[in-house]
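The values are calculated or read from the model by the stated rules, or taken from the named source; none is laboratory data. Note that the coordinates shown come from a computational prediction; the quantities given were computed from them, not determined experimentally. Methodologically, a virtual Cβ is constructed for each residue, glycine included, from the backbone with ideal geometry; neighbour enumeration extends over all protein chains shown. Please note that ligands, DNA and RNA were not included when accessible areas were found on the heavy atoms of the full protein model with its side chains. Shrake-Rupley method; radii C 1.70, N 1.55, O 1.52, S 1.80 Å.
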Amino acid sequence: MSRSLADRNSRHSDTGSSRSRQGDDPAPETEHSPRTPVDRLSNRRRRRLIGIALLGTLLLASCVLSILIGAKLISPDAVLRALLSTTRTENHVIVYDLRIPRTIVGVLAGSALGLAGALMQGYTRNPIAGPSVLGITQGAGLAVVLAVFTLGITGMLGFVWFSFGGALLSALAVFAIGSFGRGGATPVALALAGAAISALLQALTSALVLLDRQSMDVYRFWKVGSIAISDMTVISQVVPFLLLGLLLGLASAPGLNALSLGDDMAAALGHNVTRTRTVGVAAIAVLVGSAVALCGPISFVGLVVPHIARYFSGPDHRWLLPFAALTGACLVLLADLVGRIVARPSEIQVGVMLAMIGAPFFIALVRRRRLMRL
Amino acid sequence: MKALAETSPARTSATRVPGRRPLRLGPVSTVLRPRPLLVLFAGLLALLVVFACDLALGDYPITPVGVLRTLFGGGDTGESLVVFQLRLPRGLTGLLVGAALGLAGAVTQAVVRNPLASPDLLGVTAGAGAAASAVIVTGGALGGISGFAASVGLPVVALLGGLITGVLVALLSYRSGVDSFRLVLVGIGMNAMMVNATLWLLTMGEVQDAGRAMVWLTGSLNARGWENVVPVALSLAVLVPVTLLGCHVLGALQFDDDTMHGLGVRVTTARAAMLLSAAVLASLATAAAGPIAFVALSTPQIALRLAGTARPPLVLSMLLGATLVVGADLIARTVFGSLALPVGVVTAVLGAPYLIYLLVHRYREVRT
């Protein structure tokens, strides 16, 4: 009990003085010069704006690179000519049917997963929360394996709706279980319900996969995650959901800020706690469901991107959420790019590359900077 | 308090805290709480019943009396063969592995102060899994040393993989002290690397090797003999008392660093020692039976809710972990006998609904 009290106290002081604590950051220029709170406020604001601009530029650059560079070596001016021409040359097909869809999927899925991760960590108030913790990824996985096992579907295109439905259903189940107990969907109840559901679904998936070799063969490739989807119709079907999720997610920032003060304080500030949480979980479910449907479970993004974004944006969700979305998109695109370059002429899936490049970077970041707590 | 009670009994009755009975033995005094003790005995009883059933049931059913007689040296040769060569080593492996996982989970959750934390999170299990999958997948193609290692040294490889990962996480998160938040984040990163290395290895190999690796990665007690029991039992015999002795610092580890310093706890030493013991316990369990999911995560939370304590109770978590694994293996063996379902699947199917039930019928709001 005393622990939760201490926790809440520290959280109060955390959020209450988050602006005036700017001087704690290890930036050298703030070490000695005394500053007024107004100075600090504008300084932090400027840094955040610069951060957003930098991330936007980086995203744009990675998009361009992702179209220019691929398994087949095509010179930049050839790519440009293929982009502008309408004849179906080989380069034209590669650029329009492979690289552009892939870039779009990378940007959308990366930003969705990054945003969903930040939302999840905010709502469960737990730094370990990620898409795989609330059972959403596992729901999608089970649905895919069931589709293979019972209906014999093997093409990637057939999976999209199964994984989307599975993700939504499992998110619904987690939220229902988490909110049944006394006190509604508290962070701990949500997190534990997610852990229980994800373990259950994972076990069922493993059982099916072990029974059926064909499911195993499909599952092991689905599980790694890849953004190499070339069918624009699938993308255009999922994109509306994704955009809806992005909107819902970004709009829930003020509610999340209030919830981070604790339920009672949020209610006292005039927020409807239940409604805020319901909207949040809906946003998470739609975001992760459509991202997983497009490119499989890339769990690393949702888990790690919020921490990276939090270093630069601070704990204010109005800044953290856009930062997380942009960082997620950049990270996925860049990791995919490296995966295409290092293993020519084949490629390494983006999920693997993300963990192999992203994890060391993340660990270095965790070691170097002052820890930004949730 | 006692002196006060002798001088002015009227005032004592006014200031007495209701419902907390003290237990005094010479210089030691503690609060006697009946519920954790009762739950502890119930857990012990449940473990005994499940273990007895595990020895008695199977393709060759033996009566409970027959089991007892065989255990004490009687019984015919068939019964003693089944009990001593097949069921006892397998059951004991399950029991020890479950106990180790339960204890490791309880210690991790208490130190990291997060109900989602488990040794899996710190990358220990994933490291063991990655090492084992590497051996399984490359062993099929290369033969030679890997092939030999695949048949004999798989537990050793897994143990080494888990331990190296655990030590790496600890070293990487050390920065003038071990901060539990930083440790968790480094653990997440390390875990992601190991998990994805495993996944990549699975896609690299032949589908048969991938299938074998998948069976190992789900956790199985199939064909466990005395050669599996003895190393785990010996290491647990050393580790469990040490960990339980260290548990008095766990109460202090609930607080933030400043409070802990104020209470006179060597924060870094205590934290590192407890986490290291959890990592070793989890690696040992993983080496013996593969990564049995969910036990380390769920049993401390179930134990916490059953006993109604402020942090995961260690001994009860051990008992429940052992009960869960032995019970799950019993079900996997008897109900799904021909399918040879790995125990890791059944633990989650058994444990998850129970945790969900406890969450829905919450006794009280508990925060770890």
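Couple of notes before you dig in:
- Residue ranges of helices (runs of 4 or more DSSP H) in the stretch B:26-121 with at least 1 members at pLDDT 90 or above and of a type in the set (A, V, I, L, M, F, W, C): B:34-56, B:88-112
- Residue that is modelled with the lowest pLDDT, among those in the stretch B:342-368 that are open to solvent by 20 Å² or more (accessible area, probe 1.4 Å) and over 29 Å from B:A252 (Cα atoms): B:H361
To keep it simple, each residue is scored yes or no on (1) more than 20 Å from A:L326 (Cα to Cα); (2) within 14 Å of chain B (Cβ to nearest Cβ); (3) assigned to a helix (DSSP H, G or I); (4) open to solvent by less than 50 Å² (accessible area, probe 1.4 Å).
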position: A:A207; (1), (2), (3), (4): yes, yes, yes, yes
position: A:A258; (1), (2), (3), (4): yes, no, yes, yes
position: A:V292; (1), (2), (3), (4): no, no, yes, yes
position: A:H307; (1), (2), (3), (4): no, yes, yes, yes
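- Only one of the numbered conditions (1) open to solvent by less than 20 Å² (accessible area, probe 1.4 Å); (2) in contact (Cβ under 8 Å) with a residue 40 or more places away in the chain is not met by B:N228, and that is (1).
- Candidates B:A270, B:A237, B:A252, filtered to the one that is out of contact with any helix residue (DSSP H, G or I) (no Cβ under 7 Å at 6 or more places or on another chain), hydrophobic (A, V, I, L, M, F, W, C) and closer than 29 Å to B:L319 by Cα: B:A237
- Per-region count, the stretch B:205-221, residues of a type outside the set (V, I, T), open to solvent by 10 Å² or more (accessible area, probe 1.4 Å) and either within 8 Å of another protein chain (Cβ to nearest Cβ) or touching a Pro at 6+ places or on another chain (Cβ under 7 Å) (or both): 4
- Test set (1) part of a helix (DSSP H, G or I); (2) at the interface with chain A (Cβ under 9 Å from one of its Cβ atoms); (3) surrounded by fewer than 21 Cβ atoms within 10 Å (Cβ to Cβ) - B:L202 fails condition number: (3)
- Positions within the stretch A:162-188 being hydrophobic (A, V, I, L, M, F, W, C), modelled with pLDDT under 80 and surrounded by fewer than 19 Cβ atoms within 10 Å (Cβ to Cβ), in sequence order: A:F180
- Residues of the stretch B:170-186 satisfying the condition of being facing chain A (nearest Cβ under 9 Å) and either in a helix (DSSP H, G or I) or within 26 Å of B:S133 (Cα to Cα) (or both): B:L172, B:S173, B:F181, B:R182, B:V184, B:L185, B:V186
- Selection of the stretch A:338-361 for residues being away from chain B (no Cβ under 11 Å) and open to solvent by less than 10 Å² (accessible area, probe 1.4 Å) yields only A:R340.
- Restricting attention to the stretch A:220-244, the residues that are more than 7 Å from every other protein chain (Cβ to nearest Cβ), within 15 Å of A:S132 (Cβ to Cβ) and in a helix (DSSP H, G or I) total 1.
- Scoring A:T154 on the criteria (1) part of a helix (DSSP H, G or I); (2) at pLDDT below 85; (3) of a type in the set (S, T, N, Q) leaves a single failure, condition (1).
- The numbered conditions (1) in contact with a strand residue (DSSP E or B) (Cβ under 9 Å, 6 or more places away or on another chain); (2) within 13 Å of B:A99 (Cβ to Cβ) are all true for B:L275 except (2).
- Residues satisfying the stated conditions in the stretch B:165-199, i.e. over 29 Å from B:M260 (Cα atoms) and open to solvent by 30 Å² or more (accessible area, probe 1.4 Å): B:M193, B:M194, B:V195
- Count - residues of the stretch A:120-150 that are more than 14 Å from the chain's Cα centre (by Cα), part of a loop (DSSP other than H, G, I, E, B) and either at pLDDT 85 or above or away from every other protein chain (no Cβ under 12 Å) (or both): 0
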